[in-house]
């Protein structure tokens, strides 16, 4: 009997390798996507902290916060007669998270703080800054991050308003 020397892999060996790679990919990909989401959330929280700092500076100069809406990078200031201006004004704040609008994950906006009974508190007293995902549904667990000048930190999404996923 001759001793045969095999070159290459058998089909069984190849299928075992493919199965192992598939199992590793099934475990690694969800972990990777969740890690990317966590990074984007951190970027959103950082952008909110920076916006709130800019709002505080604006408050010290004008004795009022500036509320504004943000529609895909185009901001519109909200007129407020209590603050002494009724015409639209330019928004002097960064309107997105990250380094540039094209690569950001969140649009930033600001509104008067809710008072708990459906109304809002004066812009002379409190501002709520919001980070809304650029792509709707991209992070259903956290969705919109919210921070107020009085220190309240919340979010909307399936995690709940005070979950550790929002503000660890």
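Values in this text are rule-based calculations from the coordinates and carry no lab data. Bear in mind that the values here come from a model prediction, so they are computed numbers and not experimental data. Positions of Cβ are backbone-derived with ideal geometry, glycine not excepted, and every protein chain shown enters the neighbour counts.
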Rounded tilt (10° steps) of 11-62 against the dominant C-alpha axis of the chain: 10 degrees
Convex hull volume per residue for the chain, taking Cα atoms only, in Å³: 157 Å³
Percent RCO, i.e. relative contact order, over the chain, from Cα pairs under 8 Å lying at least 6 residues apart: 17 percent
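Which of the peptides 66-73, 125-132 is most tightly packed, and how do the rest follow, going by the mean number of other Cβ atoms within 10 Å of each residue? Spell out each step's value before the answer.
Working: 66-73: 16.6, 125-132: 22.4.
Highest to lowest by the protection proxy: 125-132, 66-73.
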Pairwise centroid distance, computed over Cα atoms, of the range 110-137 with the range 35-77, Å: 11 Å
Label-point separation, residue 138 to residue 19 (7 Å along Cα→Cβ), nm: 3.9 nm
Per-residue Cβ neighbour rank within 10 angstrom, fewest leading, 99, 80, 139: 99, 80, 139
Cα Rg, Dmax, the range 129-168, angstrom units: 9.6, 28
Cβ-derived FRET efficiency at R0 41 Å, residue 28 paired with residue 53, nearest 0.05: 0.65
